[in-house]
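Mind looking over this structure? Questions follow.
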Amino acid sequence: MRKPRDFDAALKTLTEKTKALKESKRRQLGDLIVATGADALDIETLAGALIATVQSTDAAQKQGWKKTGVEFFRKAKAAQSADASQPESTQASDSLFTPSRSGAGKS
């Protein structure tokens, strides 16, 4: 006879994983804001810029933003590679933001 499934335990596990993923995403977004220097903006300006970006329908403008973002991450990755090749005692304590590839390709 088959062992009955514990749906409550499976649901609890999935709920915990969902919470962990959401927290990780929040942390990554915060890291991105700091890494880009956007934390120097007041919260209203940052919110307005993000809303304008989301509402924009100009494909050329979005492509330009994407190009700028790709270059930002390329430079950040190069800086991290350079830091990794230095002796540990000379490395900076703060590393640049490393993007998650889960959001790659979104427009």
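Among the residues that make up region 6-13, is at least one of them surrounded by 10 or more Cβ atoms within 10 Å (Cβ to Cβ) and touching a helix residue (DSSP H, G or I) at 6+ places or on another chain (Cβ under 8 Å)?
The first filter runs over region 6-13 and keeps only residues surrounded by 10 or more Cβ atoms within 10 Å (Cβ to Cβ), leaving 6, 10-13.
Applying the additional criterion that residues be touching a helix residue (DSSP H, G or I) at 6+ places or on another chain (Cβ under 8 Å) yields none.
Taking every residue of region 6-13 in turn, none turns out to be surrounded by 10 or more Cβ atoms within 10 Å (Cβ to Cβ) and touching a helix residue (DSSP H, G or I) at 6+ places or on another chain (Cβ under 8 Å).
Also, I was wondering about something else. Restricting to region 25-51, what's the tally of residues that are in contact (Cβ under 8 Å) with a residue 60 or more places away in the chain and small (G, A, S)?
Total meeting the criteria: 1.
Of everything in region 14-41 that's basic (K, R) and closer than 26 Å to G69 by Cβ, which residue is surrounded by the most Cβ atoms within 10 Å (Cβ to Cβ)?
In the first step, residues of region 14-41 are kept if they are basic (K, R); the result is 17, 19, 22, 25-27.
Those left that are additionally closer than 26 Å to G69 by Cβ: 22, 25-27.
Working: K22: 10, K25: 13, R26: 10, R27: 10.
Checking each candidate, the answer is K25.
Which of the residues that make up region 5-37 are closer than 26 Å to F73 by Cα and either outside any helix (DSSP H, G or I) or of a type outside the set (D, E, K, R) (or both)? Give the derivation first.
Of the residues in region 5-37, the ones closer than 26 Å to F73 by Cα are 20-37.
Hits for region 5-37 are A20, L21, S24, Q28, L29, G30, L32, I33, V34, A35, T36, G37.
Coordinate-derived values only; no laboratory data. Quantities reported herein were computed from a predicted structural model and do not represent experimental measurements. Don't worry about glycine lacking a Cβ; one is built from the backbone with ideal geometry, like all the others, and counts go over all protein chains shown.
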